[in-house]
Amino acid sequence: MGPRHTLALVEAREYDLASLLARVARGDADALAMLYDQTVPAVHGIVLRILGDSAAAEEVTADVFVQVWQRAGGYDPGRGPALPWLMLLARSRALDRWRSGAATRARTEPMEAAMAQPTHEPGPLVCAEIAQRRRLVIRAIAALPYDQRHALELAYYRGLSHAEIAEVIREPLGTVKTRIRTAMIRLRSVLAPELGSVR
């Protein structure tokens, strides 16, 4: 698959997601369902990576799509692609949950309370698809140069700001921003054709 074809696929997917968000903003529930189907593995993956708890990740993932339903009108295609906007929303919700300590409290509830809760676990096919996508993302991140991978992990999995990362790794702020931007571009180019083929 040539670079032009890959770029066309990425642009088509972004246009599709942006179009779905525009429809969601107009109150189109079918568009929300389609957006969910296309993006829930990625959203659930980042939330689970941050929280490390399957039940909490399921709850936060559901919250993310409720927030999308409520805030889709705030998405501006001129400020960037749809998927990073959605992932930033997911990351923000997951970090809020992690900081609140709700995930820890949920893990230490009495057994009776936990058993009374309905299960929202996905079926085996969905779990297999999520696992496959997660492996692809992990492999792509592992293939990044160390400096890019380290900056990306500090930003997305530790929740550090660019300025905080610059302090941690003792590099200029501009260098940190460049590393993260370069890493995201590289991941997008590698993962777009791969994730597009996993259905």
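The values are calculated or read from the model by the stated rules, or taken from the named source; none is laboratory data. Being a predicted model, the structure only gives us computed values, none of them experimental. Methodologically, a virtual Cβ is constructed for each residue, glycine included, from the backbone with ideal geometry; neighbour enumeration extends over all protein chains shown.
For region 61-78, filtered to residues that are touching a Phe, Trp or Tyr at 6+ places or on another chain (Cβ under 9 Å) and under 14 Å from V40 (Cβ atoms), the residue that is surrounded by the most Cβ atoms within 10 Å (Cβ to Cβ) is V68.
Residues in region 67-82 that are under 15 Å from the mean Cα position of the chain (by Cα) and of a type in the set (A, V, I, L, M): V68, A82. Each residue in region 51-66 was checked for being in a helix (DSSP H, G or I) and in contact with a Lys or Arg (Cβ under 7 Å, 6 or more places away or on another chain), and 5 of them qualify. Restricting the first member to region 69-93 and to residues that are in a helix (DSSP H, G or I), and the second to residues that are polar (S, T, N, Q), the beta-carbon pairs closer than 8 Å and six or more apart or on different chains are L83/T39; L86/T39; L89/Q67; A90/T61; R93/Q67.
Residue by residue, here is whether (1) at pLDDT 80 or above; (2) surrounded by fewer than 17 Cβ atoms within 10 Å (Cβ to Cβ); (3) within 23 Å of V66 (Cβ to Cβ); (4) not aliphatic (A, V, I, L, M) holds:
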{"residue": "G80", "(1), (2), (3), (4)": "no, yes, yes, yes"}
{"residue": "A103", "(1), (2), (3), (4)": "no, no, yes, no"}
{"residue": "A113", "(1), (2), (3), (4)": "no, yes, no, no"}
{"residue": "T119", "(1), (2), (3), (4)": "no, yes, yes, yes"}
{"residue": "E164", "(1), (2), (3), (4)": "yes, yes, no, yes"}
